[in-house]
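The values are calculated or read from the model by the stated rules, or taken from the named source; none is laboratory data. Just so we're clear, the structure is a prediction, and the values are computed from it rather than from any experiment. Because the Cβ atoms are built from the backbone with ideal geometry, glycine has one as well, and the counts that use them run over all protein chains shown. When the accessible area is computed, the model is the full protein with side chains, heavy atoms only, and any ligands, DNA or RNA have been set aside. Shrake-Rupley method; radii C 1.70, N 1.55, O 1.52, S 1.80 Å.
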Amino acid sequence: MAYMEKRKALIEKLKREGRIKSDEVEKAFLEVPREEFVPEVMRDYAYVDTPLEIGNGQTISAPHMVAIMCEALDIKKGQKILEIGAGSGYHAAIVSKLVGEAGHVYTVERFSLLAEKAQEHLEIVGVKNVTVEVGDGSEGFSEHAPYERIYVTCAAPKTPRPLVDQLSDPGKLMVPIGRLMCELKLIEKKEGKLIEKNLGGCAFVPLVGKHGF
Ligand code: SAH
């Protein structure tokens with residue numbers, strides 16, 4: 001089956017399972033070729049709903065997890081977004097479609113090799129509104145703060161304080177908390193207050209850094 005057909009079949013599955021809910025997220029999934037973000041030997045598995053190895057012991061998140069996070073963050077056109085954990089660049093590419101050309105995604109990655117590859121993948125698929133930065137994302141990325149949405153694609157021991165500080169008001173922050181099995185937290189900042197919701201269990205590689213493990 002051609003990649004596009006496989007992509008459409010995966011999108012239908014994610015819709016049936018209630019992971020993809022909005023037209024915007026569906027369109028973003030349709031526009032981003034996941035096969036370009038995985039190592040060549042794994043391209044046949046690009047549309048299996050599972051994480052895949054991308055090098056440095058890290059993984060590209062499963063498509064359903066990307067969908068859940070995008071839907072819960074309620075991303076709007078024109079927003080400025082911070083991602084911690086660029087990995088392959090796939091999740092950032094999806095979010096870049098949700099914010100559109102007027103918006104921007106900054107993504108921080110601790111491994112320079114992965115950051116370089118993520119940059120390459122984004123260029124190949126023609127995404128221009130994502131900036132990949134090498135560094136310790138547990139400290140956020142203060143240069144461009146505040147951000148209307150911040151999300152972390154690795155698991156932290158607790159919510160890193162710099163991320164709360166770099167979130168705009170109003171704003172939404174999503175972070176998996178725990179080791180191996182973790183809980184996905186959605187924190188909403190509104191009129192100076194923080195409201196926290198638990199979105200359930202998940203599995204992520206650890207956030208390694210000053211405010212991480
Ligand atoms: N969003 C990615 C998933 C990457 S997995 C994708 O779509 O492919 C999580 C990533 O977080 C890994 O690449 C890991 O190296 C990175 N990471 C872990 N700790 C980090 C830190 N403190 N700062 C930046 N990146 C970190």
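It is to be established whether one or more residues within the range 5-15 are assigned to a loop (DSSP other than H, G, I, E, B) and away from the ligand (no atom under 15 Å from the Cβ). No, the conditions are met nowhere in the range 5-15. Hey, can you tell me all the residues within the range 131-147 that are open to solvent by less than 70 Å² (accessible area, probe 1.4 Å) and within 11 Å of the ligand (Cβ to nearest atom)? Within the range 131-147, Val132, Glu133, Gly135, Asp136, Gly137, Ser138, Gly140, Phe141 qualify. Among the residues of the range 118-162, the ones that are in a helix (DSSP H, G or I), under 17 Å from Leu184 (Cα atoms) and either charged (D, E, K, R) or at pLDDT below 95 (or both) come to 1 in all. Taking residues in the range 49-76 that are more than 16 Å from Leu173 (Cα to Cα), and partners anywhere that are of a type in the set (Phe, Trp, Tyr) and away from the ligand (no atom under 11 Å from the Cβ), the pairs with Cβ atoms closer than 9 Å and at least 6 places apart or on different chains are Leu52/Tyr45; Pro63/Phe29; Pro63/Tyr47. Does Ser138 qualify as being small (Gly, Ala, Ser) and closer than 11 Å to Gly212 by Cβ? It is true that Ser138 is small (Gly, Ala, Ser) and closer than 11 Å to Gly212 by Cβ.
Tell me which residues, restricted to the range 81-100, are in contact with a Ser or Thr (Cβ under 8 Å, 6 or more places away or on another chain) and either free of Cβ contacts under 8 Å to residues at least 60 places away in the same chain or not acidic (Asp, Glu) (or both).
So in the range 81-100, the residues in contact with a Ser or Thr (Cβ under 8 Å, 6 or more places away or on another chain) come out as 82-87, 89-92.
Answer for the range 81-100, where residues must be in contact with a Ser or Thr (Cβ under 8 Å, 6 or more places away or on another chain) and either free of Cβ contacts under 8 Å to residues at least 60 places away in the same chain or not acidic (Asp, Glu) (or both): Leu82, Ile84, Gly85, Ala86, Gly87, Gly89, Tyr90, His91, Ala92.
For residues that are away from the ligand (no atom under 14 Å from the Cβ) and out of contact with any strand residue (DSSP E or B) (no Cβ under 7 Å at 6 or more places or on another chain), tally how many sit in the range 192-213.
Taking the range 192-213 as the starting set, the residues that turn out to be away from the ligand (no atom under 14 Å from the Cβ) are 192-201.
Still in the list and also out of contact with any strand residue (DSSP E or B) (no Cβ under 7 Å at 6 or more places or on another chain): 193.
Number of matching residues: 1.
Could you tell me whether Pro206 is touching an Asp or Glu at 6+ places or on another chain (Cβ under 7 Å) and farther than 21 Å from Gly78 by Cβ?
Values: touching an Asp or Glu at 6+ places or on another chain (Cβ under 7 Å): no; farther than 21 Å from Gly78 by Cβ: yes.
So Pro206 does not fit the description; no.
Just so you know, in the range 95-117 the residues that are part of a helix (DSSP H, G or I) and among the hydroxyl-bearing types (Ser, Thr, Tyr) include one that is farthest from Lys76 (Cα to Cα), and it is Ser112.
Could you tell me whether any residue of the range 167-181 is at pLDDT 95 or above, of a type outside the set (Gly, Ala, Ser) and in a loop (DSSP other than H, G, I, E, B)? No: the range 167-181 contains no residue that is at pLDDT 95 or above, of a type outside the set (Gly, Ala, Ser) and in a loop (DSSP other than H, G, I, E, B).
Exactly one residue out of Glu36, Glu71, Glu26 is within 13 Å of the ligand (Cβ to nearest atom) and of a type in the set (Asp, Glu), and it is Glu36.
Within the set Leu113, Leu98, the sole residue that is more than 13 Å from the ligand (Cβ to nearest atom) and either basic (Lys, Arg) or at negative phi (or both) turns out to be Leu98. Ile150 meets the conditions (1) near the ligand (Cβ under 10 Å from one of its atoms); (2) closer than 28 Å to Ile195 by Cα in every case but one. The failed one is (1).
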